[in-house]
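Right, one structure below, let's go through it.
Derivation of every value follows stated rules applied to the coordinates shown; laboratory data play no part. Nothing here was measured: the structure is a model prediction, and the numbers come from that model. Cβ: placed from backbone, ideal geometry, glycine included. Neighbour counts: every protein chain shown.
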Amino acid sequence: MAVEELQALERAHVVPAYARQPVQFVRGAGARLWDADGAEYLDFQTGLAVTSLGHSHPAVATAIQEQVARLLHVGNLFYTEPGMQLAKRLSECSLGGKVHYANSGTEANEAALKVARKAKPAGTVVSVRRGFHGRTYGSLSATPQESKQAPFAPLVPGFHSVEATAEALAGAVDERTAAVLLEPVQGESGVWVLDDELLRAARAACDEHGAALIFDEVQCGLGRTGTLWAYEDSGVVPDLMTSAKALGNGLPIGALICSPRYADVLEPGDHGSTFAGGPVACAAALAVLDVISDPQLLARVRALGARLAEGLAALPGVVEVRGRGLMLACDFADGRAPELVRRALLEQRLVVNATGPATLRLLPPLTIGPADVDEALQRLRALL
Ligand SMILES: *Cc1c(COP(=O)(O)O)cnc(C)c1O
């Protein structure tokens, strides 16, 4: 079908909740995508930090194909091996403790919030400005963005947000606080790295008042910033951590990782999901972890991130570059980012994303090479 026909179907039959670009992708390999006319694109968006190993990664494709041919779904009333194995892998490479599965980032955060509230009944949840935690009611209530919250009021009670500073956070946590929820690197609002002082203040306040420190690593985790988990860079270890986006390299899966102290808060019947922890998504995630935990890959993410950041800073019109590893944003002095995204796609066949009027976000596959970085920069330079 031509893209015009898809647009006609969308207009007639699809709830207009997304603003789509007029491109239909039909195939992908590594950092490349192809549209229905056979034109090749360079993907520096990865479906928003999802296909971190690139498209059609052979290890992921094989893991999915083998598992889907054997068994697709039985539900959580029985055992399947991939989910148990993945839980061991995820907990051993992060907080120890235990894992609870979800199907998405927002659901992983809902599970984290439920664990924190059950551990401290009726406790409040503190989040910070520019945070994004998802679109379901609990996660949305912790996402202090007027445009996302206002149409859906009233939200869940007991949530409040403060400025992203150590002082504001320390002042907001008290004996009623059940949880502090933070992204170590805030993605959706434009790649803001929370400083170590803030993370340490959050840790100290949670320790003092018996609250759970929750890190939302849905976007910044899994190698994106050049360490397996973003929190490793700060040395501040959370009590609960959520993962999703890149975990299945495109298959929907989310996970809540609980430190030993919170590992047994949920009991049978407390929380659940029909699809979560299914063998196909977990088989994909096991393959992803195999590739992403490689220290050489992580070192390359740091090196290529530095190369990309340096190149972005040298582009005409760029006033600031932010981020860590291959999770980067660059700001312009004016509101040209959405138009740049459109032109990059249609004129330069470079897939990037805007997080706001002045901000481009770059989230390339973690498997790219220096030539891909240079090519993306050259395409942006041609536009600017
Ligand atoms: C994308 C994102 C979410 C929500 O994930 P979904 O899978 O879209 O529900 C939550 N937190 C962060 C930090 C995200 O980037």
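Key figures
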| quantity | calculated |
| --- | --- |
| Estimated translational D of segment 19-128 in µm²/s (Stokes, Kirkwood radius over Cα pairs; 20 °C; 1.002 mPa s) | 120 µm²/s |
| Highest average packing first - 241-253, 149-161, Cβ atoms within 10 Å | 241-253, 149-161 |
| Gained length - Cys93 relative to Glu347, 0.36 nm times residue gap less alpha-carbon distance | 87.2 nm |
| Theoretical ellipticity at 222 nm over the chain - DSSP helices of four or more residues, -39500 (n - 2.57) apiece, nearest 500 | -11500 deg cm²/dmol |
| Calculated FRET value between Glu10 and Thr136, using beta carbons and R₀ = 22 Å, to 0.05 | 0.35 |
| Segment 139-163 versus segment 167-240: alpha-carbon centroid distance in Å | 18 Å |
| Tensor-based shape of segment 278-384 (alpha-carbon gyration tensor, a/c under 1.5 rounded, otherwise prolate or oblate) | prolate |
| Two-site label geometry, Ala61 and Asp37: point separation in nm, points 7 Å out along Cα→Cβ | 2.6 nm |
| Label-to-label distance, nm, for residues given as Ala333 and Arg70 (7 Å Cα→Cβ offset) | 6.0 nm |
| Approximate shape of the chain as ellipsoid semi-axes (Cα gyration tensor, √5λ), whole Å, largest first | 32, 26, 21 |
| Contour excess over end-to-end distance, with Cα ends at Gln21 and Arg381 and 0.36 nm allotted per residue | 127.5 nm |
| Computed lengthening from Leu48 to Gln296, 0.36 nm per intervening residue step minus Cα-Cα distance | 87.0 nm |
| Residues Arg129 and Asp196, FRET efficiency given R0 of 22 Å [Cβ-Cβ distance, rounded to 0.05] | 0.80 |
| Most to least packed among 46-52, 3-9, 329-335 [average Cβ atoms within 10 Å] | 46-52, 329-335, 3-9 |
| Net charge over other residues, Cβ less than 15 angstrom from the Cβ of Pro154 (K, R count +1; D, E count -1) | 0 |
| C-alpha center-to-center spacing [segment 319-367, segment 65-111] in angstrom | 33 Å |
| Length-normalised contact order of segment 258-341 in % [C-alpha pairs under 8 Å, at least 6 apart] | 17 percent |
| Where Cα atoms sit under 25 Å apart: lysine pairs in segment 58-291 separated by 8 or more or lying on different chains | 11 |
